[in-house]
Each structure stands twice: as C-alpha cells, then as structure tokens.
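Student: Here you go, one structure.
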There are 4 protein chains.
Amino acid sequence: MAEQKQINVALIGSKFMGRAHSNAYLKAPRFFDLPVEPVMHTIAARNREEVERFAKRWGWINASDDWKKVVADEAIDLVDIGVPNHMHREMAIAALEAGRHVACEKPLADTLDSAREMVAAAKKASGQKTFVWYNYRRCPALTLAHQLVKQGKLGRIYHVRGFYLQDWAGPDVPLLWRFQGDVAGSGSLGDLCAHSIDAARFVTGEEITEVSGAVMETFIKERKVIAGSAGGEISGSGAATAEQTAPSTVDDSSLFLARFSGGAVASFEATRLSTGDKNGNRIEVHGEKGAVRFDFERMAELQWYDATIEPAVQGWTTINVSNAGAGHPYAEAWWPTAHTIGYEHGFINQAADICRALGGEQPVAPLPDFEDAYQTQRVLAAVVESAKNRCPVSLDQIK
Amino acid sequence: MAEQKQINVALIGSKFMGRAHSNAYLKAPRFFDLPVEPVMHTIAARNREEVERFAKRWGWINASDDWKKVVADEAIDLVDIGVPNHMHREMAIAALEAGRHVACEKPLADTLDSAREMVAAAKKASGQKTFVWYNYRRCPALTLAHQLVKQGKLGRIYHVRGFYLQDWAGPDVPLLWRFQGDVAGSGSLGDLCAHSIDAARFVTGEEITEVSGAVMETFIKERKVIAGSAGGEISGSGAATAEQTAPSTVDDSSLFLARFSGGAVASFEATRLSTGDKNGNRIEVHGEKGAVRFDFERMAELQWYDATIEPAVQGWTTINVSNAGAGHPYAEAWWPTAHTIGYEHGFINQAADICRALGGEQPVAPLPDFEDAYQTQRVLAAVVESAKNRCPVSLDQIK
Amino acid sequence: MAEQKQINVALIGSKFMGRAHSNAYLKAPRFFDLPVEPVMHTIAARNREEVERFAKRWGWINASDDWKKVVADEAIDLVDIGVPNHMHREMAIAALEAGRHVACEKPLADTLDSAREMVAAAKKASGQKTFVWYNYRRCPALTLAHQLVKQGKLGRIYHVRGFYLQDWAGPDVPLLWRFQGDVAGSGSLGDLCAHSIDAARFVTGEEITEVSGAVMETFIKERKVIAGSAGGEISGSGAATAEQTAPSTVDDSSLFLARFSGGAVASFEATRLSTGDKNGNRIEVHGEKGAVRFDFERMAELQWYDATIEPAVQGWTTINVSNAGAGHPYAEAWWPTAHTIGYEHGFINQAADICRALGGEQPVAPLPDFEDAYQTQRVLAAVVESAKNRCPVSLDQIK
Amino acid sequence: MAEQKQINVALIGSKFMGRAHSNAYLKAPRFFDLPVEPVMHTIAARNREEVERFAKRWGWINASDDWKKVVADEAIDLVDIGVPNHMHREMAIAALEAGRHVACEKPLADTLDSAREMVAAAKKASGQKTFVWYNYRRCPALTLAHQLVKQGKLGRIYHVRGFYLQDWAGPDVPLLWRFQGDVAGSGSLGDLCAHSIDAARFVTGEEITEVSGAVMETFIKERKVIAGSAGGEISGSGAATAEQTAPSTVDDSSLFLARFSGGAVASFEATRLSTGDKNGNRIEVHGEKGAVRFDFERMAELQWYDATIEPAVQGWTTINVSNAGAGHPYAEAWWPTAHTIGYEHGFINQAADICRALGGEQPVAPLPDFEDAYQTQRVLAAVVESAKNRCPVSLDQIK
C-alpha cells in the first residue's frame, strides 16, 4: 500500500462505469472518515485522446491507453475493472499476479470458466483482496433489509422474489455491445438478473440450491448495426446507419424459479422490455415473522412488515432509510433525514467500504469478493443450462 | 318502537342520498347481528310516479309524496331525512314533535339558526334519539384513527389538516341545486368541508376554538341554467338549454386556518375545482408520539406513524383496515381481510350503529346527534363570518 | 325462464360464497336496469337449521337441505353452485340435465376429468347457458385493462405477471377444508392462481401455450385438526382441539413460468404465505406500446403506461376506475367518481351481466362459460404435471 | 472573471450549506459541459483550525478566518454566502461593493429591511450578477412542473398548496441556532416556508398578492441550552448541559392562506413538528386543464394530471423525471433513466446554471437573483404581519 494511509487506484474503463467509479473515489473521502484515502492515480482506456480528456475532467493524475502497463505499475495498489464482461478475466488475473488488490465490475465474468479462473487467481494471491461491484448492496434500504434479516426479524423465509425490470430495449434500439453475446456474455441475465441474485443472497443470507425452471427469450431478434462503433451505453444514441441489421445474440428477458438453502421458493425475472419500468430493481422477501420489499425506483424506501406487533396496527411500513440518528446504514456520511441520496451513492458507499476493508476496518455490510460473486455466477450458469435443457438444475451440478 | 325488535323507517328523499340510505337499511341487517331490525316502511319524495318506482326497486313497503303525513304516521319509528339542506329544519322538527327518532343528512342545516332550532327541538323531545349522517366516521380506517387517538397513541396533538378535494365543478357543469345558495346553504363548505370538520373533531376528540382566517371563492361565477329542473346530482348530466346562464351563489372553494382546544393548529380546505382529485377526503393528524393520515381515495388504508418504536424501523405504516382477526372496526361483518368494502359501507355501518343505539347497545364509535353536529355547524358559521369580515373568529362568538 | 322477465335462482351453498352470491342477487336489480330480474327462489345447503336461518336473513323464499330436489324443481331457471370444488361436477351435470342454466364457482372443478365432463354436459344441453364466477373480471379496473388491450393500446405483448399473494395460512391455522386435497382439489393453485390465470387470459385475450416450469410447495406439512367439523372459512376461527394434527394435502404456494400464444413470457405465483400481503391479486401486462398494472389491494386503481405519448410526460397513470362520465365499466350503476366500490361488487356486477346474458343482452365484458373456464383448468393441470414431472408441459398435451 | 473561462469562487460557511456548496462546485464541472469552470479558490469560516481541515477535505486552495479580506481579494470572482441569515446582508453588500458576483443562501435575509438593502446594493453594482440558493427549483421534477405550466398545460390556475413538513424539532431537541430569532430571523417560516413560497412562484409563474390570514406558533417554548456553543445543524447532536433552558424565539410552525395574481387561492404550511414527515416539501398546483403534485420525499417523481386527454385513461401520472431522451431537465448530465439523483444534485445543478449564467449562456430554468428572492421575502414579511395583527395583508402594503 502506498505510504501512510493512501492507496493508489488505477481504473480501467471510461464509459458508464468509468464515470460511476471515478465519482466514487472522488467523493468517498470527502464524506466519510476513512482509514485509507483513495488516490486517483491512473485511468486506463482504449482511446488515447478520450482517456486524457476523461483524466482531466475527473482529476486522474495519469492517463494510459495500455492497461497491461498500468496493472504492472508498482505504484498501483488497487486495480479497478470497469469494462465489458469478456475482458474481466484477463485483466483481473494480470492484476492479481502483479500483486494488486482488484475491484471488478459485476457480473464477475462472461463465462463460468472465466469466473472460476479468476477465483483461483484470487486464492493464489498473497494477501490481496478482491471486490466485486454489486453496488446495490450499499443502497441503504437494501443494506437495512440485510440487517433486519440478520437480526432474525423475518424468521423462517418462505418466499423470495427478485425482479429487475427495464424497458429501454425496444425494436428501435441499435445493436449496442450489450446485445452482442461475445462481448456481454449475456443480456438481461448478466446485466440485470445478476444484481437480483446477488441482492437475494445478500438479503436472505441463504444460497440458491436449485434452478427449478428457466426461460430466456430474445424478442427482438435483429437490430440495426451502429456505424463504425462497438456500441455505446444505455443512454447512448449511437446512430445506426442505413438499414443494415445483425442478430442480437443475447437474451432480452430471463425468468427462473428457484429454491433457497433454507427451503424458500423463489421467482426471478430480468428484462429490458417491461414497458413502463425504468429501473425496477425489486426484491421481496417474506418470512414467518416479517417481510421486506424494495423497489429501486423508490430507492430511499424500504417497506417492512412486522407480523409480531399488535395486529390492529400491522401493515407495510415505508421506512425512509436516511436517518443517521436511527442508525441507518451510511446515513451519518450524508445529508439530513430524507434529504435523499441517489444511484451514484451505492458506488460511493462501496468505495468507502473498500477503503475500510483495505485499512483493516469492517465494512458496513459484507463486501462481495471473487469467491462470493462466483456463487452468483454459478446461478447464472444454472439458469442458462436450465433454459437450454428445459429442466431443473441443481447447483450441485455447477462447479 | 315497533313491536318486538323491529323499527319502522320512513325515508324522505330518493336521489343520491335516498339510494345510499335505502341500500344501508337493506343490507345492515343481513351483514350485522343487530338488536333491532330496520323495516323499510315508507319512502317519501316529491314526485309520485318517481317515488313509487323507487319504492318498488328498493323494497320500500309504502311510497308517499306527502312527507308531512309520513312523519305523522304513528307506525313510523325513525324518520330519515335525505333531502337538500334547506329542508332539514322543517322536517326534523316536525318529526321530533311527532315523537319520531330522527336521522338527518349532513350538514345539520342550511343556516346556523335552523340548526339551533333543530337542537332545541331535539332537547325538547321525550326520549327520542337524533343522528346525523356524517358517514365517514364509519369508514373503518377513520374509525381506527379515532380509536388510536383515544388510546393515547398520538399524545399531544400539534397539527391537523383536513382537505376535501374534488374536481367535478368545472365551467361546463350547469347550475345544479348544489350551486344554488338558497337550496344548498353553501357550496364546498357545507358539502365537503363539513365532513372534514366532523372528521377532525371525531379523530382528535377536540373542538375547534377559533377560525383564524378564511377564504371562500366562487371561481365560476355564472353557470348554464338547466331546463325545467331544480337540478340533479353530482353524476347527473342534466342538460343545459341554450346559453341561458345564472349566477352560482355558492363557494366553489373554502379554506381556513384554525386552532383546536388542545392547542393544535389546523388547516382546512374544501374545493370542487382541484383538478385530478376525485374524492380526496384527506385528514392528517400529527401528535407528539405518533401521527395518522387518511385519504378516502384509498379508503381501505390508514397510514399510521409510531414515533415510539425502534427508530430504525419507524415509517408510515399502511394499515389495510379490514382485518376482523385484528379487531378492526366493522370488519367482522364483512369479507376476509383486504377483500375491500366501499363508499356505501359507511352508510351501512352507520345504519347498523343506529340500530344498535335504538336497541340499547353501544355503537362501534360515537354517533353524532344534533347537538354534536351543531358544533360542526358553528364552525361552518365561523368560517363564513371569518371569510366575510376578513378577521379571526373565536368560536365563543358563535352561539 | 320464469314468466315475464324474471328468473328464479337456486343457490347451493351458504358459506363465504353463499353470502357473496346472495348479496349479488339482492343488489344487482336495485342498481342496474336489467332485462330480467333475478328472484331469490331457493337456497340449498346441508344443514337444515342453518339454511333456514340463512334464507330468512337473506330473503330467499325457500330453503332446502336436498340440492338434488332443488335442481330438479321445474320452477328453477338458474342453479348457482357455491360449494367446495369436489362437488361442482355432480351438481352442475345434474342441473344441466334437468334443463337449468348453471353458474358455478371457480375453479370449474377439482380435477381436469371432472371439468371435461362438465363441459361435455354443457355442450349437450339444449340452449342453457353456463357461467363461472371468475369475479375479478368484473372488478372495473381489470375490465378496463381488458378493454385497453382489446383496443390495441398495448401492441405486441412481451410480459405477463400474475401474482396472487395472501398470508393467512401460517402454522397456527388449523386444517380447514381448504387444506384438504380431497375436498379442495388443490390449495393456492385452484384457490388463488386460478384467478390469476383467468385474469391473464381475460386481459391479454391470449391463451397459455406452455407451462415452462413449475414449483408447488407445502411449507406447513401438518396442521391441527378441527374438532367435529369439516372446516370453516378463511376468516373462520374453527377452534382446533388438543394437539391432534393431520397432514395438509394441498400446496401452500404454486409458482410457474409460461408462454402465451402471442409469444409473451409469463411468471405466475400464488401463495398463502406471503407475509404482509392480504389479498394481493396482482397482474402486470407489458406490451410494445403500453402496459397495465393492477393490485386488488387497491382495487379501484388501474395503472396504465402509454408509451406512445410525448416522452416528457410518460409515466404510470393511476386511473381511479369509477367515472361514469368517462365510460368506465359498471360505473353508471354505482356512486359518484371515486366513491369507491368494493370486493362484493365484482359479484354484483357479474350477477348483472348474467341477467343481461339471460335476457339476450351483451354483458359489459365476456362472461366465462364452462368451455372458457376449462381452458384455465387445463393450465392448472399442466402446472400440476410440470411441478410433478419437473419438466415443461405443452398445453397441447393437456386435452 | 479569472482568465480563460475560469471563475474563482470564495465560499463563506463550512457547516451544512458549506458542504452542500463545496460538493456542488466539485461536481458540476465533472458532469456538465460548462462555459466557465468554477475554481474552488477560498473557503472562509470563523474557526481557523476547522476551516483548514475543511479546505483540505474538500480541495479548497485557500482557507481563511477573515471573510472581509476574502471578499476584498481581487482574485475572487464569485462570493458564495452559506452562513446563518443574519449575516447575509453585511457580507453580500461588502462583496457587491468589492465588485464580486454574489450567490447567497436563502432566505435572502433575516429581515425585510436587510433584504431591501441587499437589492439596492445589487442594483448599484456594475454588471455583477446575484443568485439565491433556492435549490429546489433545480430538483428536476420541480423544474419540469415549471416547464409544464409555462407551456400552458394547466390553463387558469385555481389552487396552490405549498407544505413543508418536517418533524425533527420535538421537545428534546436543544436550543440550536435555528431556534434563536436573532440569528435565524425566523423558524419554520424562513427555513422551510421560504422554499414553498419560492417553489409556488417558480412553478406558477405568478406572484402572491395577498396573505389572507396567518398563524405562527411556537409549541415548544423553552429548550435546553447547548453548552459553550452557538448551536449546530439539524442533524447535529450538540449535547445540552444540565437542565438549563432558554426560550425558543422562533416559530415551530407557520400557516397562511394567500391569493395569487392570476386569481388562485392558496394554502401554505411549514412546520418542524409534523411527526412522521421527514422532508415533506410538497407542492400542488391545480389548473383548469391539468395539475401537478410534488413531494420531495419522492423527489424523482412529478405527478401530473392531464384533464384534456381521453377521459377513460385520465389519472395522476407519476413521471420519473430522469430521462435524458425525453428531454427531462438536467438528465443529460446524470445517470440512465431512473438511476436516481438526490438532494445534493439540486445544488450541483444550480452551480452548473450559475456557471452558465456567468458564461453568457441560459440556465435550464430561471435563476433567482436578489430582486426575485426579495419578492419571496416580502411574502415572508406579510405572513409575519398577518399573524401578528391577525388580519389579511395585501402585498401592496409591503414595500
């Protein structure tokens, strides 16, 4: 680690996640009192001119178009990977072998094989830590859900529902990288459902033991090709040229049924074609003694049902999870109660927790490492197999 | 009282309230176990043909176009008045003098003088009971609010808000009786705000001691005259003829500030021009230890905030007030939990409570009699005076 | 049909559904102008004393403890079956053979074989009509959803979600008939999920072509036996004796994935153990041009998303489906806008539509007959097979 | 202006608003493409040690405990005042006289006299601009409300409601500066209601012409004194010593009725004792053709009612105002749709608009200058006078 309570960060990627992570490193030390301070040392991306502009804008000290050099640079303490999924494996392993801590965007990898190699590399590493950016764990309402379950307030869990509903991928959207299987690994499954699986594991504290049935569907089978580009971002308006089209090779929608280690049954659905739902990352967990509900579209709010209190006043309680005085997670760093934080704060909170972990302190809630994220990856693989073979798949079969 | 646990009811009025009350008498004994059974003895209304059709449809045994004969009929136990406000006084006093119990639609009267006479007549009566149809008291969510306050769960009350927001009275609506001051007494004030005042008094258990400021406004000053008619109902489409217009002589909107006997400050508003709000009968009461919120547009739900529990899980709890097992008011008579009841059930629940009162049992919640409704009428008078004289009005000034 | 625009109804069953149907026949002709009037001719139930009390309370002219005699009575026009599922077949066929119209509670039968026989009997009948009480079709918000889809406002449908979530069946609830497979046929599946399947078919106008995977679970495997009783109702408090228990032989929860004839993918879930959800009959349908969402816990409201309007003001619109002036289904019979109706009105509206159908008029929305309800029954059978054999089941396989 | 498209900012104040403004200057140039870049030149505050720590944490180049020197420094382009209200006047006038642009926290001043002097100073200034931090104007949902009204979508406005409801000021909260009249000027009125008045003026585009009645109340008349301190922030836990108390000299709650220049009637309420409401900054505006509703507790959402569309689908539409593709205000700078922003982004958006204004570009929505904020101040003064004299106050009387 760099001298005296600083860690030098190298970030690879300057698109959507590049911005989200840069903002996280910029802000975490200003709002949190942390045992180590993240230094925005180097940003790496393919395009030289673009990466330099990005570095200037965000305050990265150095810019590079050669990620291999960057991860090999002894000055770097933490390599942060914020690029499409098919590149995670190579970068992460190189960084680990070079002795760096590694933070990687989710899902862990494009394939289960890649993910397994990454876990192996992490195990071989000598003392470095790994992190995966399942950012929603640090959305305070979801963190509180995790805490309530952990305190035993739900009792035996019967039902889990994990939906991640978006609607941006109508027939007019061109063939972004997110629709290209060789780049993205999968579509709605890895992009969205991975978040739901991680969130369900995080909140319940249980593992999925079986994918009991699955459906994956590509509704829009052909999309317009974007001229001279490997594609942009969700909100990007990469213009398509003429009428040239090519196949979308990922799933627009993924649905599956599952069982959890504690006996609960579960329903999951991820889709980019749920008209009207913009970022509907919803999770519902129902136990014998209580239940929680969350929808990211109202991210400040956790809905909590306490089945143990006086029956006449039982109901769904909408908790605005932003009250430092009430001990709400992360609230002490931010604004007064109900002076709400937003999407980006999940990343900032995670950057803070990464700094805590690297500084020997406890994060507010468990940080997923490669091993942990690999469990989610196994479920993704089981879903693909279940959808393909049209049968239940036990997680025991997925090594 | 009619022999052996029956009471013969005579209802005057066959329009909106005529239907609501007929339905109430029809259903109450089927859903509730009551000490007396209401017999639908006689319906009275102006138009002979219409009242006979109405009697047939609703199962009234007799029909009459002479209300004076009806109230004088010794067979009648309870006279129920469901006609426009300017006729309440004469009918109620005649019925009381004839020895009948009287149930009267709200507001008690068109003027404070009329109301005072009615109270006097009720006091003179020998043992008869009076009732006023402030039906929302028996909407279970509002009844529960009353109960929670009574149990001391709110502590000292700081704030009361009573809004009744509708939007049906745009410039195209013709000159119904509800826009005629000589028939209706007032517009939004008596029609809607009276409900809010009663609800606030009912829930808080306190009285309004001062109207601190008031505004009454007629936005639509001229309306089309309806051909050959004294007007219809809210939902009626009484067609206007040609372009003949006449002045609307009632308030479209009424707003006032107030103080309660326990020290709370309050804000009231009633309007027929709150575009988008259809039947937004809302009340909010905030105390030192808790708070309740209600909006009739989601009538099954009471929102309850308990400021005394573990801070981390404090929030607004949405109680679906329909759970017999939880002791929710009136729920034992109706359907399983969350198999919701509707607007009409406030009337049915009140008919049941009237039967209980007449049979010597306790109603589920206090039934307003003339004296009680007169307190609301005094507030209405204070609002009119405050709006007119543009100054605060102490309720002590309103006798 | 009885002379002169009346139909004599015989109702079998005096429990939960007995009340709901009695109330429907009582009220429909008072609120609707109908081509035929239902006469409450005979109520039949097992217990002589109980059925007589019931008849008196509800105004049934005759009471009987012999349903066979009742259906054979030539005075009867319509036999209405409101008893547990395992008795539907015998009663319906007897009634059809006797020449009666038949209205039957849902699901159509306890088994697919029974259902098939009932359809055959209906086909053989000479001109009689059959009806099945999928009452939620006549909840105005759901009727409007049906109408919007029919008008083409959703375009190609991508996603359907049908959840029916209740929580009344915790471990302390005794072995009611609803937990006895030989009486109920199934648990959450026939009781709740049948409603969701019918609603999805009704709203989309499409058929389910495949059950892609299914899970059925009995979480509470043993329940206390109720002393001297075949069980009560949901809200019943049939006391259990001592500690004697017996196995629950029905599913507490049922989940399945499906495909629709138009290509949509779907997720269904029904459960009695979704803590906090009281009567969460939810349906979501997402199409290329718009979407609808419904939750019975806010039954007055349909949520509607129009993806074709000016993007800046797109969002979920909460329609209070109660506006007669706006042409909302059934609203002209009821109260002013947002003077909400309730659960029971689905039955009343259906009774009115049955009278219309019997009087030669069009119902407001399609009434399910035995043939229609049989399609839902086939899906139920496919779910059972899919859950048992742990594989997808094409509806082609289910005859 | 500092050379080449940079402006040097000096911020006075390092508490709640010091953080909010620092964060705004830090982030605005990273997310927006701006014609001028704000340079975080100097932070000034009373306590030398504290201000230096603050400067280091937030990246201010210089720190000072002498605000007079700072505003006199020729290197400074913009002086930003983020201290309690009673200091605004002196600082703002000094800064204007020194030739600086000035941004000042709201409300403009502690008294109307002070505010008037500030406006005069701004008028005398040679070309400098002034800004007031009514940050909620730049909450995108509220900005959209402003735009919809401006486009004529509401038509004639009938009703305005402006509530700002918090609950943090119970009897246990000690005597912070916010309860000291000589420091704060007022309590809920200047702190909260000022926001509502500004928001109502901003959204409607109209001015308040009369305060028709007002009530101001101090429920908690004595509070514990904080040892050795002038008080902290809302979320501060400045410990009270022993049992020493002193009077609270500000209003806990303020309510008033008003009229707008276009004829609308209005109701305003601000309070710190609305148990259950954490930051309920709500505004409702109802016009002849449509209506808008906003509650900051769900800050991403604007509720919009369009009374001109097909009646069957009219309802409140919940717009998630975060869609760059739909042209939502400020969305192009931030995250994908429904990847929500928070409270702090109002400040960041305003910092961006200030840079635009200083760079000769148009802000996304009108920025309040001293003259504009003075109109809000006049209303505050009218409320105080109305509450004191217990009579309506025409704004014509308030110069």
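Student: Would you check which residues across the stretch D:27-39 are assigned to a helix (DSSP H, G or I) and surrounded by 21 or more Cβ atoms within 10 Å (Cβ to Cβ) and list them?
Tutor: D:K27, D:A28, D:F31
Student: Starting from residues that are touching a Phe, Trp or Tyr at 6+ places or on another chain (Cβ under 7 Å) and part of a loop (DSSP other than H, G, I, E, B), keep the ones in the stretch B:255-283 and report whichever is farthest from B:F179 (Cα to Cα).
Tutor: B:A264
Student: Just the residues that are at the interface with another protein chain (Cβ under 7 Å from one of its Cβ atoms) and under 16 Å from C:S196 (Cβ atoms), please, taken from the stretch C:287-307.
Tutor: Passing the criteria: C:E297, C:M299.
Student: Is it the case that B:V183 is surrounded by 18 or more Cβ atoms within 10 Å (Cβ to Cβ), more than 30 Å from D:H286 (Cβ to Cβ) and under 18 Å from the mean Cα position of the chain (by Cα)?
Tutor: No; evaluated as a whole, the condition is false for this residue.
Student: Restricting attention to the stretch A:153-180, and to residues there that are outside any strand (DSSP E or B) and of a type in the set (G, A, S), which single residue is nearest to the other protein chains (Cβ to nearest Cβ)?
Tutor: Among those residues, the one meeting the criterion is A:G170.
Student: A further question follows. Which of (1) assigned by TED's automatic domain parsing to the domain that holds D:H146; (2) part of a loop (DSSP other than H, G, I, E, B); (3) surrounded by fewer than 19 Cβ atoms within 10 Å (Cβ to Cβ) is the odd one out, the single condition D:K399 does not satisfy?
Tutor: Unmet condition: (1).
Student: What are the pairs, 6+ residues apart or on separate chains, where a residue within the stretch B:92-105 that is within 19 Å of B:A20 (Cβ to Cβ) has its Cβ under 9 Å from a residue that is assigned to a helix (DSSP H, G or I) and at pLDDT below 95?
Tutor: Filtered contacts from the stretch B:92-105: B:E105/B:N85.
Student: Also, I was wondering about something else. Checking the structure you have, find out if any residue of the stretch A:126-148 is in a loop (DSSP other than H, G, I, E, B), of a type outside the set (F, W, Y) and crowded, with 24+ Cβ neighbours inside 10 Å.
Tutor: yes
Student: Looking at A:F268, A:F294, which one is at pLDDT 95 or above, closer than 30 Å to C:R161 by Cβ, in contact with a Cys (Cβ under 7 Å, 6 or more places away or on another chain) and buried (at least 24 other Cβ atoms within 10 Å of the Cβ)?
Tutor: On inspection, the qualifying residue turns out to be A:F268.
Student: Restricting to the stretch C:186-195, and then to whatever is part of a helix (DSSP H, G or I) and within 14 Å of chain A (Cβ to nearest Cβ), can you tell me which residue is surrounded by the fewest Cβ atoms within 10 Å (Cβ to Cβ)?
Tutor: Here the residue is C:L192.
Student: Could you check how many residues of the stretch D:78-100 are of a type in the set (A, V, I, L, M, F, W, C) and not in a helix (DSSP H, G or I)?
Tutor: 5
Student: Is it the case that the stretch D:309-329 has a residue that's touching a Lys or Arg at 6+ places or on another chain (Cβ under 7 Å), more than 14 Å from chain B (Cβ to nearest Cβ) and not in a loop (DSSP other than H, G, I, E, B)?
Tutor: yes
Student: Now, a different point. How many residues are surrounded by 17 or more Cβ atoms within 10 Å (Cβ to Cβ) and closer than 13 Å to D:G99 by Cα if we restrict to the stretch D:61-72?
Tutor: Residues that pass the stated criteria total 2.
Student: Go through the stretch D:133-152 and count every residue that is more than 14 Å from chain B (Cβ to nearest Cβ) and hydrophobic (A, V, I, L, M, F, W, C).
Tutor: Qualifying residue count, the stretch D:133-152: 5.
Student: Could you run through the stretch B:149-176 and say how many residues are charged (D, E, K, R) and surrounded by 23 or more Cβ atoms within 10 Å (Cβ to Cβ)?
Tutor: 2
Student: Something else now. Out of the residues in the stretch A:40-60 that are among the small types (G, A, S) and not in a loop (DSSP other than H, G, I, E, B), which is surrounded by the most Cβ atoms within 10 Å (Cβ to Cβ)?
Tutor: A:A44
Student: For the condition under 21 Å from D:Q6 (Cα atoms) and outside any helix (DSSP H, G or I), what is the one hit in D:A109, D:A75?
Tutor: Testing whether each residue is under 21 Å from D:Q6 (Cα atoms) and outside any helix (DSSP H, G or I) leaves just D:A75.
Student: Mind listing whichever residues of the stretch D:309-343 are out of contact with any Ser or Thr (no Cβ under 9 Å at 6 or more places or on another chain) and free of Cβ contacts under 8 Å to residues at least 24 places away in the same chain?
Tutor: Matches in the stretch D:309-343: D:I309, D:E310, D:P311, D:A312, D:G327.
Student: Taking the stated definitions as given, is B:A63 in a helix (DSSP H, G or I), hydrophobic (A, V, I, L, M, F, W, C) and at pLDDT 95 or above?
Tutor: In short, no.
Student: Does A:E361 satisfy being within 14 Å of chain D (Cβ to nearest Cβ) and within 17 Å of A:F31 (Cβ to Cβ)?
Tutor: Answer is no for this residue.
Student: Here's another thing I want to ask about it. Within the stretch B:196-223, restricting attention to residues that are within 20 Å of B:S253 (Cβ to Cβ) and out of contact with any Gly (no Cβ under 8 Å at 6 or more places or on another chain), which residue is farthest from the other protein chains (Cβ to nearest Cβ)?
Tutor: Of everything passing the filter in the stretch B:196-223, B:D198 is farthest from the other protein chains (Cβ to nearest Cβ).
The values are calculated or read from the model by the stated rules, or taken from the named source; none is laboratory data. Keep in mind that what you see is a predicted model, and the values were worked out from it rather than measured. FYI the Cβ positions are ideal-geometry reconstructions off the backbone, even for glycines, and counts take in every protein chain you see.
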